[in-house]
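**Student:** So that we are looking at the same thing, I have put the structure below in C-alpha cells.
The values are calculated or read from the model by the stated rules, or taken from the named source; none is laboratory data. Keep in mind the model is a prediction, meaning the values are calculated, not measured. Using ideal geometry, Cβ is built from the backbone for each residue, glycine included, and neighbour counts are taken over all protein chains shown. Accessible surface is based on the protein model in full, side chains and every heavy atom, while ligands, DNA and RNA are left aside. Shrake-Rupley method; radii C 1.70, N 1.55, O 1.52, S 1.80 Å.
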Amino acid sequence: MDYRRGVVTGESVWRAIVLYGANSATYKFSFGETLLQVAATGRTHVTLDELAPPYAKLLCEALKRHDRQGIATNSRFLDACRAFNVDEIDQDTLHRRTVQYGFANVIDAFPQLSGTPAPVRFYEDRRRSSTSPGLVLRDELVELALSGHAPVLGVETTARWRLVETAWETGVSSALLTPELVYDPESQDLLLQIGQRRKSVTGVVAALSGYQDGRCAYCDQAMAQPVVEHVLPWKLLTRRWNGPDVDAIWNLVLSCRPCNDAKRDRAPHEDWMPWLEQRNNDLIESRHPLREVLMAQTGETATARHAFLRLAYRRATELLPVVWTPFRSR
Ligand SMILES: [Zn+2]
C-alpha cells in the first residue's frame with residue numbers, strides 16, 4: 001500500500017492504522033469510526049463526554065454480534081457495554097464508565113504503527129489540559145472525514161472489524177485450526193470455513209480494497225467499481241487442474257472493469273506476479289485471520305510462499321499458456 005511504498009497521505013496512514021498492526025481489542029475500530037463521525041461535523045475540539053456516546057454505541061452493537069471483542073478476558077469497559085445490553089445498567093452509568101475506562105489505552109495506542117508514532121497525526125491529546133480538556137482534531141483528520149474517501153474507509157474498517165472478531169470468536173488465532181476463507185461468487189462474501197462449518201464474514205471487496213489503496217491491481221488506477229478478479233483464472237477448474245484452490249483469497253484481487261474485461265480467462269504475465277506475492281505478504285502482516293488463512297494456504301515463510309506461487313503459476317500456464325500483459329501507466 002502507498003504508505004509502505006513511500007507516499008504518505010492521511011488516507012494511507014489511516015488505512016495502515018486500521019488494517020495493520022496488533023489488536024488486543026476492537027476499540028481501535030470503534031474509536032476510528034467515532035473520530036471520523038465527529039470530525040465530519042467540522043469540529044476541531046471534542047471532549048471525552050462527547051466522544052463517549054457514539055463510541056460506546058458501536059461497541060454495544062458489536063458485542064451483540066460477537067461477544068468476544070478482545071484478547072483480554074477482563075475489560076471494565078466491555079463489561080459495562082455488556083451490562084447495558086442486558087439492561088443491568090442505564091445509559092448514564094454506561095456513559096460514566098465509558099469516559100472512565102473506555103479511552104484508557106486507545107487514545108495513546110491509536111496513532112501508533114508497530115510501536116512508533118504514525119507519520120500523520122490526526123489529533124492532539126489534551127486530556128490533561130486545565131482549560132479545555134479533550135482532543136484537538138487536526139486538519140488532517142477533518143480533511144479526511146470531509147473527503148470522498150471517508151465512506152470507503154468506513155466500509156473497510158467494518159470489514160476489518162468483522163474479520164478480527166470472527167477470528168477471535170472462532171479461535172482461529174489460536175493456530176490450532178486451519179481456517180480457509182472461501183469466496184462465494186454469488187454473494188461476493190468471504191466465508192470462513194473451519195472443518196465442516198462455514199460462516200459468512202464480510203464482503204470480499206471491502207475486505208481487500210484497503211490493501212490496494214482502492215486502486216486496480218493491474219493498472220493502478222483508482223477503481224470506480226471494483227471487480228473481484230481471479231489472478232489464475234477460474235477457467236482452470238474446467239480443465240485438468242491439479243493445483244491449489246483458485247477460489248481462495250491468495251488468488252483474489254480487485255481490478256477495474258476495463259482490466260477485468262481485457263484479461264478474460266488468462267493468467268497475467270509473470271512479470272506482474274510479484275505484485276500478488278507482495279499483496280499476500282501485506283495481508284499476512286495484517287494478522288488474524290488473514291495471516292492464519294494465507295499461511296495455511298500458501299506457506300509459513302516468505303520463501304515457501306514464493307515457491308508456492310511459482311509452482312501454481314507454472315501449472316496454470318501449462319494448461320492456459322496464453323497470458324495477458326497488464327498495462328501500468330505509472
Ligand atoms: Zn485496471
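**Student:** Counting only residues that are closer than 17 Å to residue 242 by Cβ and assigned to a loop (DSSP other than H, G, I, E, B), which one in the range 311-324 is nearest to the ligand (Cβ to nearest atom)?
**Tutor:** Step by step, filter the range 311-324, then rank; the result is 320.
**Student:** Considering only residues that are more than 16 Å from the ligand (Cβ to nearest atom) and part of a strand (DSSP E or B), which ones fall in the range 197-223?
**Tutor:** 197, 198, 199, 200, 201, 202, 203
**Student:** Give 93, 166 a once-over and let me know the one that is buried (at least 20 other Cβ atoms within 10 Å of the Cβ), in a helix (DSSP H, G or I) and polar (S, T, N, Q).
**Tutor:** 166
**Student:** Can you tell me which residue among 178, 157 is in a loop (DSSP other than H, G, I, E, B) and of a type in the set (Ser, Thr, Tyr)?
**Tutor:** None of the others qualify; the one that does is 178.
**Student:** Those residues that are part of a helix (DSSP H, G or I) and within 16 Å of the ligand (Cβ to nearest atom), I need them from the range 234-270; list them, please.
**Tutor:** Once the filter is applied, which keeps residues that are part of a helix (DSSP H, G or I) and within 16 Å of the ligand (Cβ to nearest atom), the range 234-270 yields 257, 258, 259, 260, 261, 262, 263.
**Student:** Pick out the one residue from 327, 308 that is outside any helix (DSSP H, G or I), of a type in the set (Phe, Trp, Tyr), farther than 18 Å from residue 210 by Cα and in contact (Cβ under 8 Å) with a residue 60 or more places away in the chain.
**Tutor:** 327
**Student:** Step by step: first the residues of the range 271-305, then only those that are part of a loop (DSSP other than H, G, I, E, B) and farther than 26 Å from residue 215 by Cβ, then the one that is least open to solvent (accessible area, probe 1.4 Å). Which residue is that?
**Tutor:** Applying the filter and picking the extreme gives 299.
**Student:** Listed residues 214, 203; which is open to solvent by less than 30 Å² (accessible area, probe 1.4 Å) and at positive phi? Lay out the reasoning, then the answer.
**Tutor:** Values: 203 fails: at positive phi.
Matching residue, one of 214, 203: 214.
**Student:** For residue 43, state whether it is modelled with pLDDT under 95 and part of a helix (DSSP H, G or I).
**Tutor:** Criteria not met by residue 43.
**Student:** Enumerate the pairs (first residue in the range 255-273 and in contact (Cβ under 8 Å) with a residue 12 or more places away in the chain and hydrophobic (A, V, I, L, M, F, W, C); second residue anywhere and open to solvent by less than 60 Å² (accessible area, probe 1.4 Å) and within 14 Å of the ligand (Cβ to nearest atom)) with beta-carbon separation below 6 Å, excluding pairs fewer than 6 apart on the same chain, so at least 6 apart or on different chains.
**Tutor:** Close Cβ pairs satisfying both conditions: 256/216; 256/223; 259/216; 259/218; 259/219; 272/326.
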